[in-house]
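Remarks on the structure that follows.
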Amino acid sequence: MSHFSTLQSQLAHKPHLENALTTLFGEVVQNNIPLTDYYGNISESPTEIVIRGNAVGLKSDIGFHRTEDKTYTALVDEYDLRHSTRFPFDTVQEFLQQVQILHDKSFVYEQYPSYEWDIIETPTSAGGIQLQLTKKAVII
């Protein structure tokens, strides 16, 4: 049966969340619109960021809602995700892990600009990335 599941995350910065989603899916992010479920019904769940399902190979939308602790929860129809042949992730956890990695990477690159820092990315065995930052020498 199709329904939206709410999944807590550590995603805390809206611009970096939007950057992560745009990196994954292109220009499909929309703000403050209602979610549509697998059957075309409009959800009453509040959302601030929405990815239209038809743009990413799903029948239902994916939404993100900011919580009181200032992180974003993901609203995902797990049934739709598991049964889609076009969505690029097999599980909600895999999807959220990749969004978290890209969110955090966007945050790091903003805080440590390339004109001041060298950043080396190394993939980890757990599917994440490790970032090594080295401050560039100042030549006077």
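The values are calculated or read from the model by the stated rules, or taken from the named source; none is laboratory data. None of these values were measured; they are calculated from a predicted model. All Cβ positions, even for glycine, are placed from backbone atoms using ideal geometry, and neighbour counts span all protein chains on display.
Here is a yes/no grid of residues against (1) without any contact (Cβ under 8 Å) to a residue 12 or more places away in the chain; (2) at positive phi; (3) among the acidic types (Asp, Glu):
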| residue | (1), (2), (3) |
| --- | --- |
| 28 | no, no, no |
| 34 | no, no, no |
| 41 | yes, no, no |
| 47 | no, no, no |
| 97 | no, no, no |
| 108 | no, no, no |
| 120 | no, no, no |
| 127 | no, yes, no |
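Identify all residues within region 83-111 that are of a type in the set (D, E, K, R) and in contact with a helix residue (DSSP H, G or I) (Cβ under 9 Å, 6 or more places away or on another chain); write none if there are none.
90, 104, 105, 110
Taking residue 76 as the residue in question, decide whether it is crowded, with 17+ Cβ neighbours inside 10 Å, β-branched (Val, Ile, Thr) and modelled with pLDDT under 85.
Spelling it out, it is not the case that residue 76 is crowded, with 17+ Cβ neighbours inside 10 Å, β-branched (Val, Ile, Thr) and modelled with pLDDT under 85.
Which one of these does residue 108 not meet: (1) over 18 Å from residue 26 (Cβ atoms); (2) under 15 Å from the mean Cα position of the chain (by Cα); (3) of a type in the set (A, V, I, L, M)?
(2)
Mind listing just one residue for me: the one in region 113-140 that is in contact with a helix residue (DSSP H, G or I) (Cβ under 8 Å, 6 or more places away or on another chain) and part of a loop (DSSP other than H, G, I, E, B) and, of those, surrounded by the most Cβ atoms within 10 Å (Cβ to Cβ)?
Among those residues, the one meeting the criterion is 128.
Test residue 63 against the criterion of being at pLDDT 85 or above, in contact with a strand residue (DSSP E or B) (Cβ under 6 Å, 6 or more places away or on another chain) and surrounded by 14 or more Cβ atoms within 10 Å (Cβ to Cβ), and give yes or no.
Yes.
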